[in-house]
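Take a look at the structure set out below.
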Amino acid sequence: NVSPPEKPRIIKCRSPEKETFTCWWKPGGHPTNYTFLYSKEGEEQVHECPDYRSGGPNSCYFDKKHTSFWTVYNITVRATNEVGSSMSDPHYVDVTYIVQPDPPVNISLELKKPINRKKYLVLTWSPPPLADVRSGWLTLEYELQIKPEEGEEWETVFVGQQTQYKLFSLNPGKNYVVQIRCKPDHHGSWSEWSSEHYFQTPPEFRVKEM
Amino acid sequence: NVSPPEKPRIIKCRSPEKETFTCWWKPGGHPTNYTFLYSKEGEEQVHECPDYRSGGPNSCYFDKKHTSFWTVYNITVRATNEVGSSMSDPHYVDVTYIVQPDPPVNISLELKKPINRKKYLVLTWSPPPLADVRSGWLTLEYELQIKPEEGEEWETVFVGQQTQYKLFSLNPGKNYVVQIRCKPDHHGSWSEWSSEHYFQTPPEFRVKEM
Amino acid sequence: LPICPNESGTCQVPLGELFERAVRLSHYIHFLSSEMFNEFDERYTQGRDFITKAVNGCHTSSLTTPEDKEQTQQIHHGDLLNLVVGVLRSWNDPLIHLASEVQRMKEAPKTILWKATEIEEQNKRLLEGMEKIIGRIHSGETGNEVFSQWEDLPSLQLDDEDSRLFAFYKLMHCLRRDSHKIDNYLKVLRCRLIHDSNC
C-alpha cells in the first residue's frame, strides 16, 4: 500500500561565481514526481524551474538570465505520486549569500634570490577560472594552511586579496604541504581547500627578520 | 632692449578635496603682467581668473562656486609687457582627475588584548580634515608603509577604504616606523606620506609563528 | 541576512544591502569604463588630439545633472534616483551597439571587446537594481521614463577612419564621464539614505 510522498526538503543552494545558481533537494524513497516552484519578492507570479537537468539529479539550475541579485527567491518543491502530494517548507534564497567559489588553482612556488639578501620562497596561485574573468564583480579573499609534511597541526594564514605570499619562517631543507581556499569578500562562504601541494625548502633558507 | 615675454606655461592644477582647485603657471624672467583666462566645455564665453591671490604667486584659485565637475576647463595664460604679449598653449582640466588629497591625520596605535588570544596592535587614522568623506562625495583609499626603525626597506600595504589596520607579523619589543597616505577611489593622485609615526611593539607580542 | 519572513510575510533584501550592491556595481562599471577608455585612447587615438573636439557634449547632456557637491546634496533623493535611472537607460542602446561595433574593428583587441560586453551586461543589471530601489523607496514606482536618445550609430560605421575613431573615442569618453557621475551620486545617496550622511 502506497502512502503520499514524504515532505521534500531543499538541502542546498549554491552560486559558484555570482552569475548563476543551483538548488538541490532531498528526494523521498519510492517513485515520486517533483516540481520545483519559485517566486521573486514583490512579484505574485509563480514560476517553474527553468532547467531541471544541468545541475544533475534532484536539482534546479538558474542561468544568468534567471538570476537576480536584487531580490529574494521564495522556493518550494512539491512531491507527487499516485496517492497524493506534499509540499516542502518555503526556502528563501538571496544569491549574494550563497556564493561559494571553486578552490584556487595553479598553485606554484618560486625561490627568490635577492642580490645581497638570503633566498626566500614565494607561493603564488590563481583565482578559480569561473571567477577569474569577473575579478571586479566577484572580489575574492584567500586563506592558506601549511604544515610540515609529517606534522599534525595546520598553520592558517589569512592573506586578504593578494594571490601570492612570501614564505619566510620555514625550516631549511624540510618537506611541507600547503593548501589554499577562497571566499567572496562580502557574504558567501569559503570554497573547498585546493588540492594539497608538496614542496621542500632549500638548505640555506632565510628566516624573516621583520 | 626689452623683448616680448616668454610663452607662459601652466605647470600644475590641483584640487585638495574635490570641491575647489588651483592652477599655477611658470612666470617668465623680467616684469610681466599675467592674465589667466578660461572657458568651460560647451560655453563660448571666456572668463578671467576669479581669484589671483588665495593660491599664492602666479596662481589662480577657483572656489566652490567656480568649480564644476564632469566638464572640461580650457585654460590659457597671457603674458604682457610693454613690448608685446604671448599666450600659453591651452591646458585642459577636468577637476575629477586633479584631486590630490592632503595626507591622513591622527595616526594612533592601540594594543588589543582579546581574552583567550595573544595581544595584537591596531593602527588607526583619520581622513585629511578638508576631505568630506562623510557625505560620500569623496571616497578615499589608503596605503601604509612600515619598516623596522633602522631597517632600509619599507613594506607597503594597500588597505582599501578602511581607516584601521591590524598589525600581526611584527617582532616583539622592536622599534618600528609607519606612514600612511591616501588617494581618491578612482581618479586623482596619492597624497604625500603622513609624518612618520614611531612605536615599539610590546615584549610578549603575537608573532605569526610559522 | 535577508529579513525572512518579515511582517508582510514575504522576504526581502534590506534597502541598505540593495544600496551596497548598487554601489559595488557602479564602482565596477566605472572602473571598467575608465580602463576601456584608457586602452582605446592609448591604442587608437594618440596624436589625434580628440580631446579638444570631444568637448561638445554627450548624448546625455540634455539630462541636467548636479555638477558639484552642493548641487548633489541639495537635490531631493527621489529626483537624483530618477536622474541615475535616466542616465542608465540612456546607455542601454549605445552599449549594445558599442559591443557589436567594437567587434567589427580591425583586429579588435579582445580586452576592449570583453569590457564593452561586460559593461553592457552590468549596466542592465544596475538598472534592474535601481528600479528595485526606487520601487522600495516610492512603493510601486520604477522611476519616470525620462532618458535621452542616442543617435550616433551611423558615425560608428563611417568609412573615414579618423571620423569613425573619433566617434568611438567620444562614446567611451562620455561613458567614462557618466559612469563616474552615477558612481558618485550613488555613493552620496547611500550615505544620505542609509548612513544618515555619516559614512
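Rule-based calculations on the coordinates, nothing more; no lab input. The shown structure was predicted, so the numbers you read here are calculated from the model rather than taken from an experiment. A quick note on method: Cβ atoms are made from the backbone with ideal geometry, for glycine too, and the neighbour counts reach across all protein chains shown.
Compactness of segment B:1-57 was expressed as the Cα radius of gyration divided by 2.2 N^0.38 Å, which yields 1.34. Charge dipole (Cα centre; +1 on Lys/Arg Cβ, -1 on Asp/Glu Cβ; no other charges) of chain A amounts to roughly 680 debye. Put simply, segment C:47-199 fits an ellipsoid with semi-axes of 31, 17, 14 Å; these come from the alpha carbon gyration tensor as the roots of five times its eigenvalues, largest first. Per-residue mean of other chain beta-carbon atoms within 10 angstrom of the beta-carbon, peptide B:130-142? Taking the mean over all residues of the peptide, I get 5. Remark: mean inter-chain Cβ contacts per residue of B:11-22 equal 1, using a 10 Å Cβ-Cβ cutoff to other protein chain atoms. The C-alpha atoms of chain C define a longest principal axis, and helix C:110-137 lies at about 30 degrees to it. Segment C:140-193 and segment C:64-96 have Cα centres separated by 11 Å. A convex hull fitted around the alpha carbon atoms of segment A:144-196 yields 92 Å³ per residue. Each of C:His138, B:His30, B:His187 was scored by other Cβ atoms within 10 Å of its Cβ. Listed from fewest to most, they are B:His30, C:His138, B:His187. Each of C:His76, C:His173 has some number of other Cβ atoms within 10 Å of its Cβ, and from fewest to most they run C:His76, C:His173.
Take each residue of peptide B:65-72, count the partner chain Cβ atoms within 10 Å of its Cβ, and average: the result is 6. Counting Lys and Arg as +1 and Asp and Glu as -1 over every other residue whose Cβ lies under 11 Å from the Cβ of B:Phe36, the net charge comes to -1. For B:Cys49, B:Cys182, C:Cys174, the sequence from fewest to most other C-beta atoms within 10 Å is B:Cys49, C:Cys174, B:Cys182. Rounded to the nearest 500, the 222 nm mean residue ellipticity of the protein assembly as shown from helices alone is -7500 deg cm²/dmol, with -39,500 (n - 2.57) taken per DSSP H run of at least 4 residues. Counting lysine pairs in segment A:1-147 whose alpha carbons fall under 22 angstrom apart, excluding pairs fewer than 8 residues apart on the same chain, gives 12. Taking Cβ atoms as reference points and 13 Å as the exclusive limit, the residues near A:Trp190 contribute a net charge of -2, counting Lys and Arg as +1 and Asp and Glu as -1. Of B:Pro31, B:Pro172, B:Gly84, which is farthest on the positive side of the dipole of chain B, counting Cα position, with +1 on Lys and Arg Cβ, -1 on Asp and Glu Cβ, and the Cα centre as origin? Among B:Pro31, B:Pro172, B:Gly84, the one farthest towards the positive end of the dipole of chain B is B:Pro172.
Taking the Cα atoms of the protein assembly as shown, the ratio Rg/Rh between the radius of gyration and the Kirkwood radius comes to 1.02. Most tightly packed first, judged by the mean number of other beta-carbon atoms within 10 Å of their residues, the peptides C:35-47, A:98-110 read A:98-110, C:35-47. Angle of helix C:15-44 to the longest C-alpha principal axis of chain C, folded into 0 to 90 degrees and rounded to 10: 10°. Amide H to amide H distances under 5 Å link A:Gly160 with A:Tyr142, where only residues 5 or more positions off or on other chains count and H is placed in the peptide plane. In summary, the convex hull built on the alpha carbon positions of chain A has an orientation-averaged projected area of 16.2 nm². Net charge of the neighbourhood of A:Glu6, taken over other residues with C-beta under 14 Å away and scored Lys/Arg +1, Asp/Glu -1, is +3. Think of it this way: in chain A, A:Cys182 stand alone, with no other Cys Cβ under 4.7 Å. Lys-Lys pairs in segment C:92-188 that are eight or more residues apart or on separate chains and whose Cα atoms lie under 29 Å of each other come to 19. Between the Cα long axis of helix C:77-103 and the first principal axis of chain C there is an angle of about 40°, rounded to the nearest 10. The slack in the chain from A:Glu155 to A:Ser108, taken as 0.36 nm per residue of separation less the alpha-carbon distance, amounts to 15.1 nm.
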